[in-house]
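Asker: One structure is given below, represented as structure tokens, and several questions about it will come after.
The values are calculated or read from the model by the stated rules, or taken from the named source; none is laboratory data. For clarity, every value in this text was computed on a predicted model and none was experimentally measured. Heads up, the Cβs are rebuilt from the backbone with ideal geometry, glycines too, and the neighbour counts pull from every protein chain shown.
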Amino acid sequence: MERERVFVVVIGTDQKGIIARVSTLLFEHGANIEDVQQKVMDGTFVMTMLADVSGCKVGLSGLRQGLEEVGAAMGLTVMVHNESVVKAMHRV
């Protein structure tokens, strides 16, 4: 089975539980976090995760919807970008 990976980008006001809520949702839907970077800059939380969604139980659209719902509940912007599309956009 070929891997399908996505970048999950989360931006918003820093608060407790962001990493826990996002990573729990990914786990519950069968995605695997392969890399994560996060930083708080002047009170703004910024996180980028690279996740393998090949085994995702709800498909990419269901995962995206779940992540957007978590973001909305916490006042965050959550974006999901397919890794192959991002790499193609930045190819010289």
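Asker: Just one of D35, D42 is more than 13 Å from the chain's Cα centre (by Cα), acidic (D, E) and either farther than 25 Å from M89 by Cα or exposed (fewer than 11 other Cβ atoms within 10 Å of the Cβ) (or both); which is it?
Answerer: On the way: D35 fails: more than 13 Å from the chain's Cα centre (by Cα).
Exactly one residue qualifies, and that residue is D42.
Asker: Limited to the stretch 46-71, what total is found for residues that are under 18 Å from E34 (Cα atoms), surrounded by 13 or more Cβ atoms within 10 Å (Cβ to Cβ) and more than 12 Å from the chain's Cα centre (by Cα)?
Answerer: 2
Asker: Moving on to the next point. Only one of I33, I19 is at pLDDT 95 or above, touching a strand residue (DSSP E or B) at 6+ places or on another chain (Cβ under 6 Å) and of a type in the set (V, I, T). Can you tell me which?
Answerer: Working: I19 fails: touching a strand residue (DSSP E or B) at 6+ places or on another chain (Cβ under 6 Å).
Of I33, I19, the one residue that is at pLDDT 95 or above, touching a strand residue (DSSP E or B) at 6+ places or on another chain (Cβ under 6 Å) and of a type in the set (V, I, T) is I33.
Asker: Out of the stretch 72-83, which residues are surrounded by 10 or more Cβ atoms within 10 Å (Cβ to Cβ) and either touching a residue at least 12 places away in the same chain (Cβ under 8 Å) or touching a Phe, Trp or Tyr at 6+ places or on another chain (Cβ under 6 Å) (or both)?
Answerer: Of all residues in the stretch 72-83, those surrounded by 10 or more Cβ atoms within 10 Å (Cβ to Cβ) come to 72, 74, 76-83.
Hits for the stretch 72-83 are M74, L76, T77, V78, M79, V80, H81, N82, E83.
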